Amino acid sequence: MDLRIEVPKIRVLPPPEDRLRSLTQGADQAEAWAAKIRAKAEPTIEKVYSLRTRLATGAVAILAVWMFVHVTFGANGMVVYRTKKAEYTDLQKQISQLQKENDQYSEQISELKSDPKRIEKEAREQFHYARPGEVVYVSPDPAPPAQPAVNSASK
C-alpha cells in the first residue's frame, strides 16, 4: 500500500519583461516560417487565382448538366411525369366508359323492374313466350361451313 502524497510542483513564472522578450524572439521565427510557406504556396495560389473564372464556369456547367439530367430522367423527372400523365388520361377515359356502361345497365335494370313492355319483350325474345292465339316460329341454327376434304386450296 502506497501512502505517498504527491505535492504539485510550483512553477515560477518569469517576470513580464522576460515573457515579452521570449515572445518577440519566437515571433521572428514564426514570421520566417510563414514567409517560407507563403513563398512555396505563392505559385499555386497565383495559378488557382488566374483559373478561378474557368473553375467557376466549369463548376456551374457541371451543376447545370446534373440538374438537367435529374429533372429529365430523375425519379420524378419529366419522362416519368409524362408517362404518369398519359396513364392518368387513359384511366380517366376507362372510368368514363365504365361509368356510361354502368348507367346503361342501371337503366336496363330499372326498365326490367318497372316497364311492362320491356318485360314482355324480354320474355318473348329469351323464353319464346307468345300470347294466346300467336304462333312462334324459331329458325334452326345455321350449320357450320363444311371443311374441304383436300387442303390443296390452302397451299
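Charges at C-beta only: +1 for Lys and Arg, -1 for Asp and Glu. How large is the resulting dipole of the stretch 35-85 about its Cα centre, in Debye rounded to 20?
Charge dipole of the stretch 35-85: 80 debye, to the nearest 20.
For the chain, what does -39500 (n - 2.57) per DSSP helix run (n ≥ 4), summed and divided by total residues, give at 222 nm, in deg cm²/dmol to the nearest 500?
Per the formula, -24500 deg cm²/dmol.
Measuring from label point to label point, each 7 Å out along Cα→Cβ, what is the residue 99 to residue 69 span in nm?
4.3 nm
I'd like to know which of 145, 94, 14 lies farthest towards the positive end of the charge dipole of the chain, counting +1 on Cβ of Lys and Arg and -1 on Cβ of Asp and Glu.
Among 145, 94, 14, the one farthest towards the positive end of the dipole of the chain is 14.
Using only Cα atoms, find the angle between the long axis of helix 116-127 and the longest principal axis of the chain, and express it within 0 to 90 degrees, rounded to the nearest 10.
Orientation of helix 116-127: about 80 degrees from the principal axis.
Using the Cα centre of the chain as the reference point, and only Cβ charges (+1 on K/R, -1 on D/E), how large is the resulting charge dipole? Debye, rounded to the nearest 20.
Value, rounded to 20: 940 debye.
Once you place label points 7 Å from the Cα toward the Cβ at residue 109 and residue 125, how far apart are they in nm?
1.9 nm
Values quoted throughout were computed directly from the atomic coordinates according to the rules given, and no laboratory measurement underlies them. It should be emphasised that the depicted structure is a prediction, and the values quoted were computed from it without experimental measurement. Virtual Cβ from ideal backbone geometry, glycine too; neighbours counted across all protein chains shown.
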